[in-house]
Amino acid sequence: LLVDEYQDTTHAQVRLLQQLYAEHRNIAASADPYQSIYSFRRANPALLEEASAWLQQHLQAQRYPLDASRRSAAAITDCVNAVFGVAPLQERLTGFNPHTTHLPDMYGHVELLPLTGVIETLENACEQAGLRNPLQAPRPDPVDRRYYREGTAIAARMQELVSCNTLISVPEGTRRLHYGDIMVLLRQRTHATAYEQALRDA
């Protein structure tokens, strides 16, 4: 019995799996709690630790950490270690091990964009423009523009990379970077619209 992506299981799925555990002696589960992306479907990465402890206690299972990436350049893993391998984040990530890579010669680069600053609101803008007539103008809803401004900074960096003819590795060799080669990864989709609007405007 092999359970893959265990970090995205729910309590209901775990109860079902526990029924199957009684019928199988050969059980393997693979997971990465840092890649859990289905919390909106009630996935709970903490269940991985519970399952691991249960399997060790009842079936004498062994744990094999895999901390060597087969995708990332050394610059990426070094950044991960620098951020999560020291306090204060190290204290919040139980069981974090320093990461390595199977691709030590792959080129990589990490940049940190500056923070976007304080929250701007439409209400503040209205206050600066003067008094609002409540019979003619509705009360404005606060709008957090930080995500749009962050999207603008990302778009500007993308334009720089493309205009500077940045080279990338492809199976055929190397070529210039295209916009279609770039992906923007978000932790959540909550503010995706703001990033999309910033990219469209750029």
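The values are calculated or read from the model by the stated rules, or taken from the named source; none is laboratory data. Quick caveat, the model's predicted, so the values are computed rather than measured. Cβ: placed from backbone, ideal geometry, glycine included. Neighbour counts: every protein chain shown. Quick note on the areas: whole protein, heavy atoms, side chains included, nothing else; ligands and nucleic acids left out. Shrake-Rupley method; radii C 1.70, N 1.55, O 1.52, S 1.80 Å.
How would F40, F84 line up by accessible area, probe 1.4 Å, largest first?
Per-residue accessible area, sorted high to low, gives F40, F84.
Between M183, M106, M158, find the one with the highest GNM mean-square fluctuation for the chain; connect C-alpha pairs within less than 10 Å.
Residue with maximal mean-square fluctuation among M183, M106, M158: M183.
If I ignore ligands, DNA and RNA and count only protein heavy atoms, how much of Y148 is accessible to a 1.4 Å probe, in Å² to the nearest 10?
The accessible area comes out at roughly 50 Å².
Could you do me a favour and compute the accessible area per residue for the stretch 1-110, 1.4 Å probe, result in Å²?
Value for the stretch 1-110: 75 Å² per residue.
Might you work out the accessible area of V170 for me, using a 1.4 Å probe with all protein chains in place, and round it to the nearest 10 Å²?
For V170, the solvent-accessible surface is approximately 40 Å².
Given H placed on each backbone N at 1.01 Å, which residues far from M106 in sequence or on other chains put an amide H within less than 5 Å of it?
A74
Between the stretch 141-202 and the stretch 1-36, how far is it from one alpha carbon centroid to the other, in angstrom?
Each part reduced to its Cα centre gives a spacing of 36 Å.
Counting only protein heavy atoms and a 1.4 Å probe, tell me what percentage of the chain's accessible area is made up of carbon and sulfur.
54
Using a 10 Å Cβ count of at most 11 others and DSSP loop calls, identify the longest part of the chain lacking such GluC sites (Glu not before Pro).
Between exposed loop sites, the widest span is 24-110.
For the chain, what does the convex hull of the Cα positions come to per residue, in cubic angstrom?
202
Indicate the gyration tensor shape class of the stretch 1-88 (rounded, prolate or oblate), computed on the Cα atoms with a ≥ b ≥ c the square roots of the eigenvalues: a/c under 1.5 is rounded; otherwise a/b larger than b/c is prolate and the rest oblate.
Working: a/c = 2.33, a/b = 1.74, b/c = 1.33.
Here the stretch 1-88 falls in the prolate category.
Heavy atoms of the protein only, probe of 1.4 Å, neighbouring chains included. What is the accessible area of H24 in Å², nearest 10?
70
So who's got an amide H within less than 5 Å of the one on S69, skipping anything under 5 residues away but keeping other chains? H placed 1.01 Å off N, in plane.
T100, T101, H102
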